[in-house]
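What follows is calculated from the coordinates using simple rules that are stated; it is not laboratory data. Bear in mind the structure is a predicted one, so any value in this text is a computation, not a measurement. Reconstructed Cβ throughout: ideal geometry from the backbone, glycine too, with neighbour counts over all protein chains shown.
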Amino acid sequence: MSEEGVLAWEEYMRCDATDLAQMIYRGDVSSAEIAQQAALATERVNPKINAVIEVFEDVVNDPFKDGMNAQGSFAGVPMMLKDLASRMKGRVQESGYAWQEGNVADDDDPFTRNLRQAGFNLIGRTTTPEDGMAGVTETIKFGITRNPWSLDRSAGGSSGGSSAAVAAGILPVCSASDGGGSIRLPASWNGLVGLKHTRGRLPLPAGLHEGLLPSGVEGIVTRSVRDTAAIHDLICHKPLGTGFMPYPKPESLTAQLGVPPRKMRIALSTGNWSRAKTVPAEHIERVNEVALWLQGQGHIVEQINDRDLCNFEQLFASYKLANWVAPLGNSIPAAAAHLGVTLTPENTSSQALKLIEAAKSVTVDDFMNALAVNAQTSREFGQFWERGFDLLLSPTLGDRCPEVQSEQYALSSSLSFDEFFDHGMNLCRYTMPGNDTGLPAISLPAGLDINGCPLGVQFYAPWAAETDLIHIAGQLEDGKPEWFSQLAPYNVATA
């Protein structure tokens, strides 16, 4: 194959995963040819955006080497995994740290096996901030991941590498994970579709379950709603005993596409959700534009007050302690001790070190009280849904895509930990509640901000109602095609 690939770059980058799967099935291209083209795409684009840590040359040359299912619906389609959460057998996972280079997985995690069973060829890994702890992806070892929409701006976090790779056309889909908005945040800033599913819908890495990691979920980022639906239909398999929460076989998400629109009752919230910092005007304007469009399609849209949802001050305070400071502040030094590593400013970011210090003052009573608040918050959201709403519409984020090396969002920030985390809550005010309560939510592309970078709108649904999220996403994609499947200006064809 030439350095230009088996497909013209303009054609390759316009293909979503469904397109590539169909081409491979028809015999138009082979699994190896597409894997090699993805590797070439990485060579073309990655030097500028720094989204990919490594490409596995062995499975590029032999896609069946690691157990890819040749009969899977996406057989032969290349994908990369975020370098955090689920692991790949025999591959290093460093979780964004400079001190985990020897951390090699003994086996595939259940989510990884689901991807292979679906037919994906896992050809590499993408960048992430340390333990996914930031809204931007910048690390001591791997450097800055840049947004292909504007190279002086961030690709977001913590699934920043995956999102930048998809937005630049390296791949049509990459894995992602979300503990405070880390699927939806970079999806928003890169013009992608990012679905955060209900707690317990997909398996967590081996050794974890929803009781131990209640806020974290895994998933994907894509450029099309049909890819999001079809791939989630295939990867929502939990081997018996792998989850704290039993989950019934989910309804098909793909079945929601191409059917007559259902009339829905949609709550609209564009308030500050208790945060003092205001949201950029174009974010609010775009949400209101979507609300008017929905009304034009026959949906009932009702403006609500923030207090109709929950006590946000309590939510954010309990989330910070129970889902962030206590677990991460103890697990990071434990992981370092296991590897015989001493944490220093040379190998660990300043904010990670400050987080560890903050965790030392957290008592068991503090932690248990925060969990009790979580139970109260979840019930408050339950009471909201019991009012008969099908969906909740909000902005995805509380800020525009920032320039790289942001003092507000980068883990290298010199701010105090409390100041740094407060900026993170301002940014993720609309996404964190989904992690705290386990609700499903989806970020959808909604055009560009005043800096020419993408922004998103977000829909929440009641627990286990991903079908409604995909149903409305399909409608918006059909009605606003100019917002969807748009590659960034810096891409594999323009590099």
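The H on the amide N of Gly447, modeled in the peptide plane, is under 5 Å from the matching H of Leu455, each at least 5 residues off or on a different chain. Centroid-to-centroid, using Cα positions, region 438-495 and region 36-91 are 24 Å apart. A Förster radius of 22 Å, combined with the Cβ-Cβ distance separating Leu415 from Lys277, puts the computed FRET efficiency at roughly 0.90. Please find the FRET efficiency linking Glu407 to Arg265, where r is the Cβ-Cβ separation and R0 is fixed at 41 Å, and quote it to the nearest 0.05. The pair Glu407/Arg265 has a calculated efficiency of 0.45. For the chain, dividing the convex hull volume of the Cα atoms by the residue count gives 130 Å³ per residue. Each residue of region 422-439 was assigned a 3J(HN,Hα) from its phi angle through the Karplus curve 6.51 cos²θ - 1.76 cosθ + 1.60 (θ = phi - 60°); the sequence is 5, 5, x, 5, 4, 5, 9, 4, 8, 9, 3, x, x, 6, 5, 9, x, 6 Hz, with glycine and proline shown as x. Under the simplified labelling scheme, the Val362-Trp293 pair shows an inter-label distance of 3.9 nm, with each label point 7 Å from Cα along Cα→Cβ.
Each peptide in 295-302, 460-467, 262-269 receives the mean, over its residues, of other Cβ atoms within 10 Å, and ordering these scores from highest gives 460-467, 262-269, 295-302. Put simply, when 108-120, 374-386 are sorted by average Cβ atoms within 10 angstrom per residue, most first, you get 108-120, 374-386.
Using only alpha carbon positions, build the gyration tensor of region 315-462, then give the equivalent ellipsoid semi-axes as the square roots of 5 times its eigenvalues, largest first, whole angstrom.
Values: eigenvalues 178, 109, 27 Å².
Each semi-axis is √(5λ); the values are 30, 23, 12 Å.
The length gained by stretching the chain between Asp107 and Ala70 to full extension, at 0.36 nm per residue less their Cα-Cα distance, is 11.3 nm.
Working note: Karplus 6.51/-1.76/1.60 with θ = phi - 60° gives region 259-276 the couplings 10, x, x, 8, 6, 10, 9, 10, 7, 10, 9, 10, x, 7, 6, 6, 7, 6 Hz, where Gly and Pro are set to x. Shown for region 184-296 is the translational diffusion coefficient from the Stokes-Einstein equation, using the Kirkwood radius over Cα pairs, a temperature of 10 °C and a viscosity of 1.306 mPa s: 94 µm²/s.
For region 209-368, the dipole from Cβ point charges (+1 on Lys and Arg, -1 on Asp and Glu) about the Cα centre works out to 280 debye, to the nearest 20.
So how strong a dipole does region 9-483 carry about its Cα centre when Lys and Arg Cβ are +1 and Asp and Glu Cβ are -1, to the nearest 20 debye? It would help to have the intermediate numbers written out before the result.
Numbers: 38 positive and 56 negative charges, 126 e Å.
Once rounded to the nearest 20, the dipole reads 600 debye.
Each residue of region 321-329 was assigned a 3J(HN,Hα) from its phi angle through the Karplus curve 6.51 cos²θ - 1.76 cosθ + 1.60 (θ = phi - 60°); the sequence is 7, 7, 9, 10, 4, 5, x, 6, x Hz, with glycine and proline shown as x. For the chain, DSSP calls about 70 percent of its internal beta bridges antiparallel.
Taking a straight Cα-Cα cut-off under 15 Å and skipping sequence neighbours fewer than 8 places away in the same chain, the aspartates and glutamates within cross-link reach of Lys480 are Glu289.
At R0 = 45 Å, how high is the FRET efficiency between Asp152 and Leu240 if r is their beta carbon distance? Nearest 0.05 is fine. According to the calculation, E is roughly 0.40.
For the chain, adding -39500 (n - 2.57) for each run of n ≥ 4 DSSP H residues and dividing by the number of residues yields -10500 deg cm²/dmol at 222 nm. Cross-linked pairs Lys65/Lys141; Lys82/Lys196; Lys196/Lys249: Cα-Cα separations exceed 21 Å for Lys65/Lys141.
Near Val301, the amide H atoms lying under 5 Å from its own belong to Ile266; only residues 5 or more places off or on other chains count, and H is placed 1.01 Å from N. Using a simple spin-label model with pseudo-atoms 7 Å out from Cα toward Cβ, Glu313 and Leu212 lie 3.6 nm apart. With K and R counted +1 and D and E -1, the other residues having a Cβ less than 13 Å from that of His471 yield a net charge of -3.
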